[in-house]
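A short write-up of the structure that comes next.
Read-outs: derived from the displayed coordinates by stated rules, not from any lab. If you're wondering where the values come from, they're calculated on a predicted model, not measured in any experiment.
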Amino acid sequence: MKYLIVPILLFTVLNLRAQNFDVPPNFTPGKCYAKCFHYEKKLEWKEVNCKDLENKKLTKKDLLAREQQKLKMEKYQEKLITLGYNVDITGIPDNKTIIAHHKYLKVKKKKTKRKSI
């Protein structure tokens, strides 16, 4: 009986560490979701209308805004690298960036609590 506890405990710990940020939690098949990345908050998922995504045509203004967002994300990723996080500079919020972002926010929150005491 005690040998059965070890695999169950190991399986539970591995499932807790395996977080995937490519899929929203509790998603419904057939609905569309978009990642909402904010620099001062954790990653959020927002439900969007699928038909709006299919029919949307990008204008020059939209393309320029996306390029600016990409440059801003690249600077943020460089900042995370200088702070010692394992991130690739891609310009998009991939899994490595999101994990590092969450860790950074956690450290930042601890520092502000220590300053207030």
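Students often get this wrong, so check it: of 35/75; 70/113; 31/57, which have C-alpha atoms separated by over 29 Å?
Violating the 29 Å limit, Cα to Cα: 70/113.
Using Cα-Cα distances under 8 Å and only pairs 6 or more residues apart, what relative contact order does segment 24-116 have, in percent?
This gives 20 percent for segment 24-116.
When the C-alpha atoms of segment 24-116 are aligned to their principal axes, what extent does each axis show, in angstrom, from largest down?
Sorted largest first, the three principal extents are 48, 33, 25 Å.
Between residue 61 and residue 90, 0.36 nm times their residue separation minus their Cα-Cα distance comes to what?
Full extension from residue 61 to residue 90 adds 8.3 nm.
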